[in-house]
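Here's the structure we're looking at; comments come further down.
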Amino acid sequence: MTATINLYFTLTGWLERVGAWLAPLGLRLLLAWEFWESGVEKFRGENWFADIQSQFPFPFSILPADLSWFLATWSELLGAVALVVGLGTRFFSASLIILTVVAWMAVHAGNGYNVCDNGYKLPLIYLVLFVPLLLNGAGKLSLDHWISRRIRR
């Protein structure tokens, strides 16, 4: 029995050490890919925010549609790059959470956009995936970790 317990703690210890490096990286890359795709689509496309601006929650509903389009496009593009390298991960996670909530309320909710009939599933998945990055940071395989170690010395 003791051997089994020791093996369990050895394996879980090893998984925790590896997880500190790889688990946040997987989340960052998945989210970066999705937001990069959306940002590129906006960058290359026409601004359709004027058609739905009234559905944006306050204070985003009072911003000009062109400014909202610019902010959304560049938040997605810069946020995606930052997530890949793990730079400003908490800031960009918070920014992309806000963007996701606004998109959820203005576009996804009830329109059947993405994955399921009610449009809620995919934005909810994004929000849940951002929580560990917001609370725990980018992990050890990131510029955030490297910079933090340098500053603490």
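Values in this text are rule-based calculations from the coordinates and carry no lab data. Note that the coordinates shown come from a computational prediction; the quantities given were computed from them, not determined experimentally. Heads up, the Cβs are rebuilt from the backbone with ideal geometry, glycines too, and the neighbour counts pull from every protein chain shown.
Odds and ends about this structure:
- Residues in segment 48-86 reached by a label modelled at Leu143 [backbone nitrogen below 12 Å; 7 Å Cα→Cβ]: 78-86
- Most to least packed among 47-56, 27-36, 13-22 [average Cβ atoms within 10 Å]: 27-36, 47-56, 13-22
- Computed from phi, the 3J(HN,Hα) profile of segment 38-46 under the Karplus parametrisation 6.51, -1.76, 1.60 (θ = phi - 60°) reads 5, x, 5, 4, 5, 4, 8, x, 8 Hz, with x in place of Gly and Pro.
- Extreme residue, positive dipole direction of the chain, given options Gly79, Asn6, Leu129 (C-beta unit charges): Asn6
- Taking the helices alone, the chain has a mean residue ellipticity at 222 nm of -24000 deg cm²/dmol, built from -39,500 (n - 2.57) per DSSP H run of at least 4 residues and averaged over all its residues.
- Computed label-point distance, nm, for sites Asn6 and Phe58 using a 7 Å Cα→Cβ extension: 6.5 nm
- What the phi angles of segment 64-69 give under the Karplus curve with 6.51, -1.76 and 1.60, with θ = phi - 60°, is a coupling list of x, 4, 5, 5, 4, 4 Hz, glycine and proline written as x.
- Shown in residue order for segment 28-37 are the 3J(HN,Hα) couplings computed by the Karplus curve 6.51 cos²θ - 1.76 cosθ + 1.60 at θ = phi - 60°: 4, 5, 4, 5, 4, 4, 5, 6, 4, 4 Hz (x for Gly and Pro).
- Cut-off 17 Å (backbone N to label point 7 Å along Cα→Cβ of Val85), residues of segment 29-53: 29, 32-33, 36
- Only the Cβ atoms of Lys and Arg (+1) and of Asp and Glu (-1) were treated as charged; on that basis the dipole of the chain about its Cα centre amounts to roughly 940 debye.
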